[in-house]
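What follows is a single structure, written as structure tokens, with notes after it.
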Amino acid sequence: MLSLVRSLWEVFRHAFARRVTVQYPEQKAYLSPRYRGRIVLTRDPDGGERCVACNLCAVACPVDCISLQATEDEHGRRYPEFFRINFSRCIFCGFCEEACPTYAIQLTPDTEMGEYKRKNLVYEKEDLMIDGPGKYPDYNFWRVAGVAIGGKDKGQAEKELVPVDTHSLLP
Amino acid sequence: MMAKFLPLLVIAVVLFVVLNLAAGLIWVERRLLALWQDRYGPNRVGPFGLGQIVADSIKLFTKEDWIPPFADKPVFVLAPAIVVATALISFAVVPFAPGFVIADLNVGILFLLAMSSLGVYSVVLAGWSSNNKYSLLGGIRASAQMMSYEVFMGLALLGVVILAGSFRLTDIVEAQRGMWFVIPQFLGFILFLIAGVAETRRLPFDLAEAESELIAGFHSEYSGMKFGMFFVGEYIGVILISATIALLFFGGWLGPVLPPAFWFGAKTMFFICLFILFRAGLPRPRFDQLMSWGWKVLLPLALINLLVTGAVVLARR
Ligand code: SF4
Ligand code: SF4
């Protein structure tokens, strides 16, 4: 019986406690940089597209909401011809980001993407592309990958050894 | 001419105040609960979120008013009306200020008790006519709970009646000029408070609707304004019990300087807030705990209170 009175008193004291509600449209809650919100496609530090259209994100996506078509430019760089995410199906699990070998696809702390028409939730590549490198400012896939592209031959990538000359007998 | 219309005017004012207060309590309760849970509650529609009352009413009125095909139609429709009607009729004997009362019955308290007992028909009939297991369970619980809590509700009041020497509510208030009855009748006050909460089926005694066990119990089949009637009825009940407590134990309209109606309103409002605090702070007991508390603890206490009060008053003579 006394414990009931005590709990009543404890609850009453909360009348003078600070309210924890964040008055949303005026005040915004803090979302950490790793928050899983709107998805973006990032670029290299050099400004080139990071995505190599490997389709790993589309495979990893549990709700199959990513669709893309790979193609290649004149330098031999693979890139997606189109890249489409249907955000009305996306569950913001972040699996795509984890699957991506090039840090191209990233989730951002932005959740304000409400729309009146469902069709407007299908984001095309131009909606997804951003100008910066996102959370990984220094990474450049094409500079570390041992793939020959225009302007960078085999063995010229960072920390990459020159390919072994199998015709030579020298060690 | 004036004397003829005065009672009508009083009735109109009482109805206006009580019904608006009952609707307003939706907002008050949500804001207060939020305050005690460190939230804000509805604060967007209009100043302080007061427009929420209008929004809620419009919503309730425009909802589909559905009567399940398996329900007992006439009873189903009647049930929500009973709860509001009995609660409103009870206000006929409540004196808001000296002379401001619709019917100053000489058995005012008995009338109050009788009307609030009739209110249980609403719950039982609603549970029965819904033709739904959960509703029926809710109805059964409500009837058992009312039955056992009404017994000592009446007994707890008798101490006050003995001290005042009258069943008339105005007399009881006047008898508290020297001292509020809450002091000599503290036990009676506590008992009446508990019984009052049980009588209005508010948390922690809301076993009849217990949404976590009975999915809203007796009114799970109700929708639209019929559901709204149950809610308004519950709020009117809360106002009624709060007003009764203020009248019987806290000197009704008596108070210094400010007008009597203000004092009555302020005391009533205080107890309404206390009711909401109960809801915010207390867990719901198990049904057998509720029953054994009622019969084994509260009823004997009420009897002892009655005996002691009677003995003291006799010895004083
Ligand atoms: S966050 Fe999850 S659901 Fe959304 S696109 Fe990426 S993998 Fe698919
Ligand atoms: S975003 Fe990443 S995982 Fe998806 S196709 Fe492009 S490179 Fe591959």
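The values are calculated or read from the model by the stated rules, or taken from the named source; none is laboratory data. Only a predicted model underlies this, so the values are computations on that prediction, with no experimental measurement involved. FYI the Cβ positions are ideal-geometry reconstructions off the backbone, even for glycines, and counts take in every protein chain you see.
Structural remarks
- For the residues B:Thr170, B:Thr200, the requirement of being hydroxyl-bearing (Ser, Thr, Tyr) and within 26 Å of B:Val312 (Cβ to Cβ) singles out B:Thr170.
- Some residue of the stretch B:238-251 being modelled with pLDDT of 85 or more and polar (S, T, N, Q): yes
- Of the helices (runs of 4 or more DSSP H) lying entirely inside the stretch B:78-182, the ones with 3 or more residues being over 30 Å from B:Leu254 (Cα atoms) are found at B:108-129, B:133-164.
- Flag if A:Cys51 is part of a helix (DSSP H, G or I), touching a residue at least 24 places away in the same chain (Cβ under 8 Å) and away from chain B (no Cβ under 14 Å): no
- Qualifying residue in the stretch B:31-41 (condition: under 25 Å from B:Gly228 (Cα atoms), modelled with pLDDT under 85 and within 14 Å of chain A (Cβ to nearest Cβ)): yes
- A Cβ distance below 6 Å, combined with a sequence gap of six or more or placement on separate chains, defines the contacts here; from the stretch B:148-165, residues that are buried (at least 24 other Cβ atoms within 10 Å of the Cβ) reach residues that are among the polar types (S, T, N, Q) in the pairs B:Gly159/B:Gln185; B:Gly159/B:Asn305; B:Gly159/B:Thr309; B:Val160/B:Gln185.
- Selection status of A:Pro109, at pLDDT below 90, of a type outside the set (Asp, Glu) and either farther than 15 Å from A:Tyr123 by Cα or more than 8 Å from ligand 1 (Cβ to nearest atom) (or both): no
- Neighbours by Cβ (under 8 Å, 6+ apart or cross-chain): first from the stretch A:7-22, more than 7 Å from every other protein chain (Cβ to nearest Cβ); second among the small types (Gly, Ala, Ser): A:Glu10/B:Gly281; A:Val22/A:Ala29
- Only one of A:Leu68, A:Leu170, A:Leu161 that is without any contact (Cβ under 8 Å) to a residue 60 or more places away in the chain, away from chain B (no Cβ under 14 Å) and within 16 Å of ligand 1 (Cβ to nearest atom): A:Leu68
- Any chance A:Arg43 is in contact with a Lys or Arg (Cβ under 7 Å, 6 or more places away or on another chain), within 8 Å of ligand 2 (Cβ to nearest atom) and under 15 Å from A:Gln106 (Cβ atoms): no
- Residue within the stretch B:44-51 that is part of a loop (DSSP other than H, G, I, E, B), modelled with pLDDT under 85, closer than 28 Å to B:Ala126 by Cα and away from chain A (no Cβ under 14 Å) present: no
- Among (1) within 12 Å of ligand 1 (Cβ to nearest atom); (2) within 20 Å of A:Gly37 (Cβ to Cβ), the one test that A:Gly114 misses: (1)
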